[in-house]
Amino acid sequence: MLGRELLGDTLAWDGAGQWVGAGVLALAAVYELTPLKDACLGRCRSPLGFLLGNWRDGVGGALEMGVKHGAWCIGCCWALMTALFALGVMSIAWMAFVAGLIALEKLLPWERVATYGTAAILLALAIVLVAAPDAIPGLTVPGGDDGGSMQMMMR
């Protein structure tokens, strides 16, 4: 409500919405390749190492450790979570896809391959979002196909 009052229809699909969505995806792709992402992913990939190096006793210590480790994980995944706004916040299929990307980044032993692959996927989605949005499965394009692309994705 507040966003609509401040921005009006600026972010509507036929306004700047398509370009803003593509920009969000491109920004997420660029972030995947930054040293900050690499540092955060390194901490997030090793929770045991974090616990051994940052142990604090008691409930307060547990809370402090949780907040610190959570901050590393947010630093690692915020851009992918933001990409969901461009792809469809309420789309179970896109949520599962992004969760899969996060899992691959965290679990694959070749972390740079995973982050470069994720960056390439996000950049490709940004380009297709501008060039041919109907080609993105599960994307709801206002005034476009009503759910046909979602049905295609679920097959």
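Can you list the residues, at least 5 places off or on another chain, whose amide H is less than 5 Å from the amide H of residue 34, using H built in the peptide plane?
The answer is none.
Can you work out the Karplus-derived ³J(HN,Hα) for every residue in the stretch 18-24? Use 6.51 cos²θ - 1.76 cosθ + 1.60 with θ = phi - 60°, whole Hz, and x for glycine or proline.
Computed from phi, the couplings for the stretch 18-24 are 5, 6, 5, x, 5, x, 4 Hz.
Quick one: check the C-alpha center-to-center distance for the stretch 10-50 versus the stretch 69-134, whole angstrom.
Centre-to-centre (Cα) distance: 7 Å.
If I stretch the segment between residue 65 and residue 46 completely, what's the gain in nm (0.36 nm per residue apart, minus their alpha carbon distance), one decimal? Working shown, then result.
On the way: separation 19, 0.36 × 19 = 6.84 nm, distance 1.35 nm.
Full extension of this stretch gives 5.5 nm more.
Checking the a/c ratio against 1.5 first, then a/b against b/c, what shape does the Cα gyration tensor give for the stretch 41-102? Display every interim value, and only then the final one.
Numbers: a/c = 3.29, a/b = 2.48, b/c = 1.33.
Cα axes put the stretch 41-102 in the prolate bin.
So what are the ³J(HN,Hα) numbers for the stretch 111-125, from phi and the Karplus equation (6.51, -1.76, 1.60; θ = phi - 60°), rounded to whole Hz, Gly and Pro as x?
Whole-Hz 3J(HN,Hα) from phi for the stretch 111-125: 4, 5, 4, 5, 6, 5, x, 4, 4, 5, 4, 5, 5, 4, 4.
From the phi of every residue in the stretch 33-50, what ³J(HN,Hα) in whole Hz does the Karplus formula 6.51 cos²θ - 1.76 cosθ + 1.60 yield, where θ is phi - 60° and glycine or proline is x?
Using θ = phi - 60°, the values come out as 9, 8, x, 5, 4, 4, 5, 5, 5, x, 6, 5, 6, 10, x, 5, x, 5 Hz.
Read-outs: derived from the displayed coordinates by stated rules, not from any lab. Quantities reported herein were computed from a predicted structural model and do not represent experimental measurements.
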